[in-house]
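I have placed the structure first, in the form of structure tokens, so that the comments after it can refer back to it.
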Amino acid sequence: MSVDSAPAASPADPAPAEAGKDFIRDIIQGDLDAGVHQSVVTRFPPEPNGYLHIGHAKSICLNFGVAQEFGGRCHLRFDDTNPAKEAQEYIDAIERDVRWLGFDWGTHLHHASDYFEQLYAWAEHLIGAGKAYIDDQSADDMRASRGTLTEPGKNSPFRDRSVDENLDLFRRMRKGEFANGTRVLRAKIDMTSGNINLRDPVLYRIIHTPHPRTGTAWCIYPNYDFAHGQSDAIEHITHSICTLEFEDHKPLYEWFLENLPVPSKPKQYEFARLNISYTILSKRHLTQFVREGHVTGWDDPRMPTIAGIRRRGVPAAALRDFIKRVGVARANSVVDAAMFDACVRELLNKTAARYMAVLRPLKVVIENYPEGQVEDLDAVNNPEDPSAGSRKVPFSRELYVEQDDFMETPPKKFFRLSPGKEVRLRYAYFITCREAVKDAAGNVIELRCTYDPASRGGNSPDGRKVQATLHWVSAGHAIPSEVRIYNPLFTRPDPGADGDVVADINPQSLEIIADAKLEPALSAARIGEAVQFERLGYFTKDAESTDAHAVFNRTVGLRDSYAKAK
RNA sequence: UGGGGGAUCGUCCAACGGUAGGACAACGGACUCUGACUCCGUGAAUCUAGGUUCGAAUCCUAGUCCCCCAGCCA
């Protein structure tokens, strides 16, 4: 299912270290200036339970970005503490995506599972200090005694077990003597705390499921709270940057650092996660879309995953630019999806080679053009980049133009082809429409036109002007191709606001054009290479293409002030 | 009605007691062999009410609204 152009081991397009400015960078600069740290060490800590999305890209750019800017380092650490949800496929995809984004963790690829033995020892340390106990309550009973947002919790009847009993039970948990869900290790903190995370949080649970890395070595696993801060401490992370919802966990994070003989004391900082209009960035929902087949996979170009964005043809640099423009703050916000498109267009305008392609072909016959004659006309590859040079485009008597570029009875502001109207065919000739040929149903199926031989190359020696320049493809030379047009996956800017995300999925999110016509030079396009189809948008050849059947994805359309005016 | 956070143009982010600025979006114009690009221009904001101060988006007080937390997920 998953077609992916796998990047090389190190980033093909490394991110440049250009400093942004935000409260996180202010804090780091302050710490460095004050000598709190000699250098900065950050980490990007994904759980390998799904593919990375554009929200993760924000965290990646932040963590790796500050490390780069301040001359420190950033670790890639898999937070693999729950084997029931994690898989090797995700681990591989995450490494690939981080590299593609342009970042390099060097030798610092780590896993929470690397620390299972140490974390276990620390758990026994806590038990020995009387600060953790084995609870035999069921999950339901624990929930009932935890209290609510407004009512304090009640102590577990197992809270005062002896150190020896706790130690014995914990060791037997590790040995696998107990079934899933029968016992947990809890910290002994304060069941009446206003912060629910401090009401004797669970530290270890029994999960008899093989782990992608440690196999069956363990059947008890630390949870996030017991693993994260300690892993940070082991790696000497200086600034542990996470999203706002972990703010309530900070007191717990610090409680472990204070009560355990950890080698360093990292500090946690939180920022607001990324939200984008017309987009869902929740792993739970993205997983659902894949599982239920609303999309073709994690790398479906409609998905906000890094793999999907890449496959759609967005360059890593455009994604980085977007993240940079969005900024980092603590206020919840929803970024306009148009800002992402703007970043993509801005980069592609400078870099993408231009070609002509007709998506919805309408046959044009140039009546006064000699049958059998073919001319190779010069076309500029990229007007924004003279070094890109030029190419030849074949012109002949029978051509295709876009159906949208003809109207039998045009409204006032329609500049394109209509009966009697003269337009320019880009890089070719002025042509005038003489007749629209229709089928029995009255549909226009062909245009009979004449050309002005003196306008070869696209300019008339008498200096007369035309209002429109159209793209075109020689019928006899055209390469047939499938083109996939992607529209927003959702019909509303705030999908799921009424409670059902799936109900807001856009039934027209994918338009497949089976028989587009491409100019011959496009046969050399490489998979993943960004090109512009003139007047239409930016496209890239999909990895599903075969020699016999090309497939192009639309990355993003061009701005279209005419369409908007209509 | 517990605990924790947050409110600045339509949107996102700046301004760190001293002229509220940038980007995206919108609108108008110029240019154009892409109705693209580019360029020029226009409109557009400090949650409310008090207070401190020569001066407040920034400090204080009281409100209002929004977000997060009751997994043996992360």
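The values are calculated or read from the model by the stated rules, or taken from the named source; none is laboratory data. Given the structure is predicted, the values throughout are model-derived calculations rather than measurements. Note: ideal-geometry Cβ built from the backbone for every residue, glycine included; neighbour counts use all protein chains shown.
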Filter the range A:428-482 for residues that are within 30 Å of A:Ala525 (Cα to Cα) and of a type in the set (Lys, Arg) and give the result. A:Arg456
Under 9 Å by Cβ, and 6 or more places apart or on different chains, what pairs join a residue from the range A:168-185 that is modelled with pLDDT under 95 with one that is in a loop (DSSP other than H, G, I, E, B)? none
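Among the residues of the range A:146-160, is there at least one that is within 42 Å of the chain's Cα centre (by Cα) and more than 21 Å from A:His249 (Cα to Cα)?
If we filter the range A:146-160 for residues that are within 42 Å of the chain's Cα centre (by Cα), which is where we start, we get A:146-153.
Checking the rest, the ones that are also more than 21 Å from A:His249 (Cα to Cα) come to none.
Within the range A:146-160 (the criterion being within 42 Å of the chain's Cα centre (by Cα) and more than 21 Å from A:His249 (Cα to Cα)), the answer is no, since none of the residues qualifies.
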Residue by residue through the range A:534-566, note down the ones that are more than 22 Å from A:Ala337 (Cα to Cα) and either surrounded by 13 or more Cβ atoms within 10 Å (Cβ to Cβ) or under 20 Å from the mean Cα position of the chain (by Cα) (or both). A:Glu534, A:Lys541, A:Asp542, A:Ala543, A:Glu544, A:Ser545, A:Ala550, A:Val551, A:Phe552
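Identify the residue in the range A:12-45 that is polar (S, T, N, Q) and in contact (Cβ under 8 Å) with a residue 12 or more places away in the chain and, among all such residues, is farthest from A:Thr238 (Cα to Cα). If you could, list the steps in order and put the result at the bottom.
The first filter runs over the range A:12-45 and keeps only residues polar (S, T, N, Q), leaving A:29, A:38-39, A:42.
Those still in the list that are in contact (Cβ under 8 Å) with a residue 12 or more places away in the chain too: A:29, A:39, A:42.
Values: A:Gln29: 12, A:Ser39: 8, A:Thr42: 6 Å.
For the range A:12-45, the residue satisfying everything is A:Gln29.
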Just checking, how many residues over the range A:464-508 are more than 22 Å from the chain's Cα centre (by Cα), farther than 25 Å from A:Arg416 by Cβ and surrounded by 13 or more Cβ atoms within 10 Å (Cβ to Cβ)? 1
Filter the range A:286-322 for residues that are under 15 Å from A:Glu89 (Cβ atoms) and among the small types (Gly, Ala, Ser); the one that is nearest to the chain's Cα centre (by Cα) is A:Ala307
Scan the range A:475-485 and tell me whether some residue there is in a loop (DSSP other than H, G, I, E, B) and either within 16 Å of RNA strand B (Cβ to nearest atom) or free of Cβ contacts under 8 Å to residues at least 40 places away in the same chain (or both). no
So A:Thr279 clears everything in (1) outside any loop (DSSP other than H, G, I, E, B); (2) closer than 15 Å to A:His56 by Cβ; (3) in contact with a Pro (Cβ under 6 Å, 6 or more places away or on another chain); (4) within 16 Å of RNA strand B (Cβ to nearest atom) except one condition, right? Which one? (1)
For the range A:508-566, which positions are within 16 Å of RNA strand B (Cβ to nearest atom) and part of a helix (DSSP H, G or I)? A:Ala521, A:Leu522, A:Ser561, A:Tyr562, A:Ala563, A:Lys564, A:Ala565
Among the residues of the range A:436-456, are any under 30 Å from A:Gly313 (Cα atoms), of a type outside the set (S, T, N, Q) and touching a strand residue (DSSP E or B) at 6+ places or on another chain (Cβ under 6 Å)? no
Could you say which residue among A:Ile234, A:Ile207, A:Ile220 is touching a residue at least 12 places away in the same chain (Cβ under 8 Å) and closer than 27 Å to A:Gly65 by Cα? A:Ile234
Within the range A:8-127, helices (runs of 4 or more DSSP H) holding 3 or more residues that are under 17 Å from the mean Cα position of the chain (by Cα) and either aliphatic (A, V, I, L, M) or at negative phi (or both): A:54-69, A:88-100
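Look at A:Gly458 and say whether it is in a loop (DSSP other than H, G, I, E, B), assigned by TED's automatic domain parsing to the domain that holds A:Asp542 and touching a residue at least 24 places away in the same chain (Cβ under 8 Å). Give the steps one after another, and end with the answer.
Values: in a loop (DSSP other than H, G, I, E, B): yes; assigned by TED's automatic domain parsing to the domain that holds A:Asp542: no; touching a residue at least 24 places away in the same chain (Cβ under 8 Å): yes.
Spelling it out, it is not the case that A:Gly458 is in a loop (DSSP other than H, G, I, E, B), assigned by TED's automatic domain parsing to the domain that holds A:Asp542 and touching a residue at least 24 places away in the same chain (Cβ under 8 Å).
Regarding A:Asp494, is this residue in a loop (DSSP other than H, G, I, E, B) and without any contact (Cβ under 8 Å) to a residue 12 or more places away in the chain? Give the steps one after another, and end with the answer.
Values: in a loop (DSSP other than H, G, I, E, B): yes; without any contact (Cβ under 8 Å) to a residue 12 or more places away in the chain: no.
Considered against the rule, which asks whether it is in a loop (DSSP other than H, G, I, E, B) and without any contact (Cβ under 8 Å) to a residue 12 or more places away in the chain, A:Asp494 comes out as no.
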Would you check which residues across the range A:151-180 are of a type in the set (Gly, Ala, Ser), surrounded by fewer than 14 Cβ atoms within 10 Å (Cβ to Cβ) and under 17 Å from A:Asp200 (Cα atoms) and list them? A:Ser162
Kindly evaluate A:Arg171 against the criterion of being at negative phi and within 37 Å of the chain's Cα centre (by Cα). no
With the range A:366-431 as the region, which strands (runs of 3 or more DSSP E) entirely inside it contain at least 3 residues that are within 12 Å of RNA strand B (Cβ to nearest atom) and outside the structural domain of A:Asn349 (by TED's automatic domain parsing)? A:375-380, A:390-395, A:422-425
Starting from residues that are within 16 Å of RNA strand B (Cβ to nearest atom) and under 22 Å from A:His75 (Cα atoms), keep the ones in the range A:246-265 and report whichever is surrounded by the fewest Cβ atoms within 10 Å (Cβ to Cβ). A:Glu247
Scan of the range A:221-245 for residues that are closer than 10 Å to A:Leu119 by Cβ and buried (at least 22 other Cβ atoms within 10 Å of the Cβ), ordered by number: A:Tyr221, A:Pro222, A:Phe226, A:Ala227, A:Gln230, A:Ser231
Does the range A:381-396 include one or more residues that are more than 42 Å from the chain's Cα centre (by Cα), surrounded by 15 or more Cβ atoms within 10 Å (Cβ to Cβ), of a type outside the set (Ser, Thr, Tyr) and within 21 Å of A:Leu518 (Cβ to Cβ)? no
Quick check: anything in the range A:341-364 closer than 21 Å to A:Val393 by Cβ and in contact with a Cys (Cβ under 6 Å, 6 or more places away or on another chain)? yes
Need pairs with beta-carbon distance below 6 Å; first residue free of Cβ contacts under 8 Å to residues at least 40 places away in the same chain and under 10 Å from A:Thr469 (Cα atoms) and within the range A:412-432, second of a type in the set (Gly, Ala, Ser) and part of a loop (DSSP other than H, G, I, E, B); sequence gap 6+ or separate chains. A:Phe430/A:Ser460
